[in-house]
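Below is one structure; the comments refer to it alone.
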Amino acid sequence: MNRFVMLSGPSCVGKGPLYSALRKFYPDLAGRLKQAVLYNSRDPRPGEQEGIDYYFRPRAEIEELAKEPGFASAIVRGDLQALEINSIKAILDQDKDAFFEGNPFIPAKLSELKELKEIPTLKVFLAPLSKEEILFLKDPLQRTSLERLLPDIMRRKLLRRTKRQKINLSLKDLENIEKRVASAIIELRDAWKFDYVIPNHDGEDSEHWDAFYYPIGDARKALLSFAALLQEEIPPGVEQWEKELVPGP
């Protein structure tokens, strides 16, 4: 049976390289996935294509679309994004699995729509920390907090990734990083809404994805876990989180 597969997690946690590794090492599994295209209010970035990466539309137009039945919309780090349920159904009708890879805000909104309840789903969250690490950090004896530590973890990942892409970082680059850093804890609070959580310390800044041809370390574990879930197997190491694990403010 065809499904709607959602892969989410904070920015730079490794979603992109995980999907790339799946295409490289599990082409049959990746070939069953067809990307669902979202509407986005921001301008295209260099290399992005209309109808492939996003449908780029003015914010006011997306706001009107979001009022219609069967649309889910969310503010994603300042941009308005939306996805139509019928576009998911159209992919399933092609005997493909619809695939979403991105932030967890849209999947969380989709879960509120009654139309999605008619569609089999697989919701996977890629997390920069494991459940055990979060419980350790929440222990008062450690004299720290997830709210203080997680931004530092993600800032370092994002800085390393951006430096790999650019030699010199602009003020706009740094502002973008801080926007993503601030969003990470909010996104982590949505992890409990997903079927499975895959802990992964090898984010998009890590060379473990491609420097040695085969993924190694957590990158390899994440790839094997995601591939197993796509084959309807439950691999060791995947987690299910409770809502209370990452409490709100």
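The values are calculated or read from the model by the stated rules, or taken from the named source; none is laboratory data. Nothing here was measured: the structure is a model prediction, and the numbers come from that model. Neighbour counts are summed over all protein chains in view; Cβ atoms, including those assigned to glycine, are modelled from backbone coordinates with ideal geometry.
General observations
- Check on residue 185, in a helix (DSSP H, G or I), crowded, with 18+ Cβ neighbours inside 10 Å and touching a Lys or Arg at 6+ places or on another chain (Cβ under 8 Å): no
- Test for residue 145: is it closer than 30 Å to residue 1 by Cα and polar (S, T, N, Q): no
- Residues in the stretch 188-197 that are crowded, with 20+ Cβ neighbours inside 10 Å and part of a helix (DSSP H, G or I): 188, 191.
- You will find that of 169, 158, the residue that is over 20 Å from residue 123 (Cβ atoms) and loosely packed, with under 15 Cβ neighbours inside 10 Å is 169 and no other.
- Of all residues making up the stretch 198-236, the number that are of a type in the set (S, T, N, Q) and part of a helix (DSSP H, G or I): 1
- Scanning the stretch 130-169 for residues that are among the polar types (S, T, N, Q) and within 13 Å of residue 201 (Cα to Cα) returns a single hit, 130.
- Checked against (1) hydroxyl-bearing (Ser, Thr, Tyr); (2) at pLDDT 95 or above; (3) under 15 Å from the mean Cα position of the chain (by Cα); (4) over 20 Å from residue 120 (Cα atoms), residue 8 passes all but a single condition, namely (4).
- If the condition is being closer than 13 Å to residue 223 by Cα and more than 12 Å from the chain's Cα centre (by Cα), then the stretch 183-199 contributes only 199.
- Any strands (runs of 3 or more DSSP E) falling wholly within the stretch 7-125 and containing at least 2 residues that are within 23 Å of residue 194 (Cβ to Cβ): 33-35, 38-40, 71-76, 79-84, 97-102
- Selected residue (criterion: nearest to the chain's Cα centre (by Cα)) from residues of the stretch 97-129 that are of a type in the set (D, E, K, R) and buried (at least 16 other Cβ atoms within 10 Å of the Cβ): 101
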